[in-house]
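Some notes on the structure that comes next.
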C-alpha cells in the first residue's frame, strides 16, 4: 500500500466518522430523548413541562452534533474546497 492510498483512506475515514457522529446525535435528540413516548421530533410545547435532565441531555447531544457539523465543514474546507477554488483561478 502506497502513501497516497493510505492518506486517501484516512481522509474518507475522517469524513465517515464525522457523518456518523452527526447522524447519531440527531437520531438521539429527535428519536431517543423525548418527553412524550408517543411523539418524536422537536419538543415544541412539551419543552415547558419536560424534565430538566432531559433538556440538558438533548442540549448536550445537540452541541455534539453542531461540533460534528462544524468539524466536517472545516475539514472539507481545508482538504477539498481549497483545491476547487485554486483550479478556478
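Taking residue 23 as meeting all but one of (1) in a helix (DSSP H, G or I); (2) more than 30 Å from residue 80 (Cα to Cα); (3) without any contact (Cβ under 8 Å) to a residue 12 or more places away in the chain, write down the number of the exception.
Evaluating residue 23 over (1) in a helix (DSSP H, G or I); (2) more than 30 Å from residue 80 (Cα to Cα); (3) without any contact (Cβ under 8 Å) to a residue 12 or more places away in the chain leaves (2) as the failure.
In the list 57, 87, which residue meets the criterion of being out of contact with any helix residue (DSSP H, G or I) (no Cβ under 8 Å at 6 or more places or on another chain) and modelled with pLDDT of 90 or more?
57
For the stretch 41-54, enumerate the residues that are within 29 Å of residue 15 (Cα to Cα) and surrounded by 11 or more Cβ atoms within 10 Å (Cβ to Cβ).
42
Identify, from the list 6, 30, 81, the residue that is in a helix (DSSP H, G or I) and either in contact with a strand residue (DSSP E or B) (Cβ under 7 Å, 6 or more places away or on another chain) or loosely packed, with under 11 Cβ neighbours inside 10 Å (or both).
It is 6.
The values are calculated or read from the model by the stated rules, or taken from the named source; none is laboratory data. All values reported here derive from a predicted model rather than from experimental measurement. Backbone-built Cβ (ideal geometry, glycine too); neighbour counts: all protein chains shown.
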